[in-house]
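Down below is the structure, laid out as structure tokens.
The values are calculated or read from the model by the stated rules, or taken from the named source; none is laboratory data. All values reported here derive from a predicted model rather than from experimental measurement. Every residue, glycine as well, gets a Cβ built from its backbone with ideal geometry; the counts of neighbours run over all protein chains shown. Surface areas here come from the heavy atoms of the whole protein model, side chains and all, with no ligands, DNA or RNA. Shrake-Rupley method; radii C 1.70, N 1.55, O 1.52, S 1.80 Å.
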Amino acid sequence: MEYAREIELEGHIIDSGIMTSVFDAVMEMGGNFEITTFDVGKKKQDTSYARLIISAPEEELLEQILSVLHRLGARLTEMEDVRLAEAEADRVVPKGFYSTTNHPTMIKYDGDWLEVENIEMDCLIVVDREETRALCTPMSKLKKGNSVVLGENGVRVIPPERPRKVSTFEFMHGTVSSERPSETVIAKIALEMHELKKRGGKIGIVGGPAIIHTRAAPALAEIIREGYVDALFAGNALATHDIEYNLFGTSLGMNLDTGTLARGGHKNHIYAISEVIRAGSIKDAVEQGIIQKGIMYECVRKGVPYVLAGSIRDDGPLPDVITDAVEAQDMMREHLRDLDMVIMIGTLLHSVAVGNCLPSYVKTICVDINPASVTKLMDRGTMQAIGVVSDAGAFLPLLAKQLYNLREFEV
């Protein structure tokens, strides 16, 4: 006996490889498929439509297959309203709750389709019955009595698509794996940043201390000063070593200009933290003239918000560092909400943390000297990310140069 359900797919499902992914998933999981309708778009802007009957020898296996296909954008041809259950206590999820992807998501509620607000991966969908809203809700924010969506019935996922029309950012649909960054690739990133800012878009930077250690800090400071950055996400280390470098010329006690160890330089980052604590905050230290250049200086001067999330190994930390992890997540979400592009440079942990909160339609670039860092980010669910395998000290100066050339060309 075979159990079967009918699904449908719509959009640029051929160009995006979605159809192939559906076929592969069904066969790999031991199911079968039959195509009953397949209308292929004839022009570049046209979408395609397909109906398939998915079958499996066991009902449980069929449900598992349908769950995988759901996350590829497949939907049942007959969609019922979502099922809801109340949370029995704060942060206690109902059994069978729906776990979100980072793709735009809709739910069917009272016969109407509602867009799930502030979508990110690995969260719940809570329905506000009074305001008729669907809210993507992290487990830490779940309250007793919240109406939580159960299962995948009545839930529609819209994965990113690749239309046939090639855009400036089309190169992002494959991972760059050169040992040294290609100026052509960086030029495309710079052009997209420049055009995005002209359209009123917003860009975020996720940075690690390697930016300072590799002497790329002046380049990032220039990029911030020229208005290309709308939010900075980092930890205690990037800010501390940026300030240390601009106070003492060292990073972790190393003279960056000469590559030699400074006498007693191992204490410099502690001095740097202490000076900021004495001033009251990074902003206060800038306004008092203690910090006179660098990444954090430019953020303060340009009014660029920064979220410094602490970790267990931090020295100090700086007074601006948020040591409560849940509070740091909330602050990150607040400043990630309106971003159109995020560039992650030299920090796997912060890149994964930010990536977990990003919708899949946000253009994401991960720059790291270790190719495994990019792979880990994508394995964690940030499938829209492209990897540039490069040292931060090579990438950022080239990016700053390309952005400068674009500004000069316009003048």
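Could you list the square roots of 5 times each eigenvalue of the Cα gyration tensor of region 8-126, that is, the equivalent ellipsoid semi-axes, sorted largest first and rounded to whole Å? Please report the intermediate quantities before stating the final value.
Working: eigenvalues 154, 71, 35 Å².
In descending order, the three semi-axes are 28, 19, 13 Å.
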Please work out the average accessible area per residue across region 178-246, using the 1.4 Å probe convention, and give it in Å².
33 Å²
Toward the positive end of the charge dipole of the chain, about the Cα centre and with charges on Cβ (Lys, Arg +1; Asp, Glu -1), which of VAL155, ILE345, ILE125 goes farthest?
ILE345
VAL342's amide H: which non-local residues (gap 5+, or another chain) put their own amide H closer than 5 Å, with H modeled 1.01 Å from N in plane and none for Pro or chain starts?
GLY204, LYS363, THR364, ILE365
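Ordered by packing density, taken as the mean number of other Cβ atoms within 10 Å over each peptide's residues, highest first, how do 89-99, 226-236, 103-113 rank? Working shown, then result.
Numbers: 89-99: 14.1, 226-236: 22.3, 103-113: 16.0.
Most protected by this proxy first, the peptides run 226-236, 103-113, 89-99.
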Which log10 I(q)/I(0) values, to two decimals, does region 6-75 give at q = 0.27 Å⁻¹ under the Debye formula with one point per Cα?
-1.25
I need the semi-axes of the equivalent ellipsoid of the chain: take the C-alpha gyration tensor, multiply each eigenvalue by 5, square-root it, list largest first in whole angstrom.
44, 26, 18
Sequence neighbours fewer than 8 away in the same chain don't count; with that in mind, list the lysines whose C-alpha is under 27 Å from LYS95.
LYS108, LYS141, LYS143, LYS144
Alpha carbons only, please: Rg and Dmax for region 313-411, in angstrom.
15.4, 47
Rough spin-label spacing in nm, given labels placed 7 Å along Cα→Cβ, for GLU80 and GLU130
2.9 nm
Set the Förster distance to 22 Å, then compute FRET efficiency between ASP315 and ILE369 from the Cβ-Cβ distance, nearest 0.05.
0.35
Once all Cα-Cα distances of region 179-241 are split into 5 Å bins that start at 0, what whole-number percent is in each one?
4, 15, 22, 25, 20, 11, 3
Qualifying aspartates and glutamates (Cα of each under 15 Å from Cα of LYS302; at least 8 residues distant if same chain):
GLU222, GLU226, ASP230, ASP284, GLU287
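Hey, can you rank 124-135, 67-78 by average C-beta count inside 10 Å, highest first?
Values: 124-135: 16.2, 67-78: 18.2.
Put in order of decreasing packing, that is 67-78, 124-135.
For region 255-314, would you read off the P(r) tail past 13 Å as a percentage of all alpha carbon pairs?
Numbers: 1239 of 1770 pairs.
Roughly 70 percent, once rounded to a whole number.
Take the solvent-accessible surface of the protein heavy atoms, probe 1.4 Å, and return the percent of it on the chain that carbon and sulfur atoms account for.
Values: 9700 of 19830 Å².
After summing per-atom areas, the C and S share lands at 49 percent.
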Point-to-point label distance, ARG337-ASP284, nm (Cα→Cβ direction, 7 Å offset):
2.9 nm
May I ask which residue of ILE365, ALA134, THR47 lies farthest towards the positive end of the charge dipole of the chain, with charges of +1 (Lys, Arg) and -1 (Asp, Glu) on Cβ and the Cα centre as origin?
ILE365
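Tell me the per residue accessible area of region 296-411 using a 1.4 Å probe; a whole number in Å² is fine.
On the way: 5190 Å² over 116 residues.
For region 296-411, the per-residue accessible area is 45 Å².
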Starting from the Cα of GLN45, step 7 Å along the direction of its Cβ; do the same at ASP379; then give the gap between the two resulting points in nm.
4.3 nm
Against the longest principal axis of the chain, how steep is helix 59-70, in degrees 0 to 90 to the nearest 10, with axes from Cα atoms?
50 degrees
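Using only DSSP helix segments of four residues or longer, with each worth -39500 (n - 2.57), what per-residue ellipticity at 222 nm results for the chain after dividing by its residue count and rounding to 500? The partial results should precede the final answer.
Working: 13 runs with 141 residues, N = 411.
So the calculated ellipticity at 222 nm is -10500 deg cm²/dmol.
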Give me the lysines in straight-line cross-link reach of LYS43: C-alpha distance below 19 Å, same-chain residues under 8 apart excluded.
LYS165
Which distance in Å, rounded to a whole number, links the C-alpha centroids of region 325-349 and region 4-81?
33 Å
Heavy-atom accessible area of CYS136 with all protein chains present, probe 1.4 Å, nearest 10 Å²?
20 Å²
Place +1 on the Cβ of every Lys and Arg and -1 on the Cβ of every Asp and Glu in region 287-393, take the dipole about the Cα centre, and give the residue among VAL321, VAL354, ALA392 whose Cα lies farthest towards its positive end.
ALA392
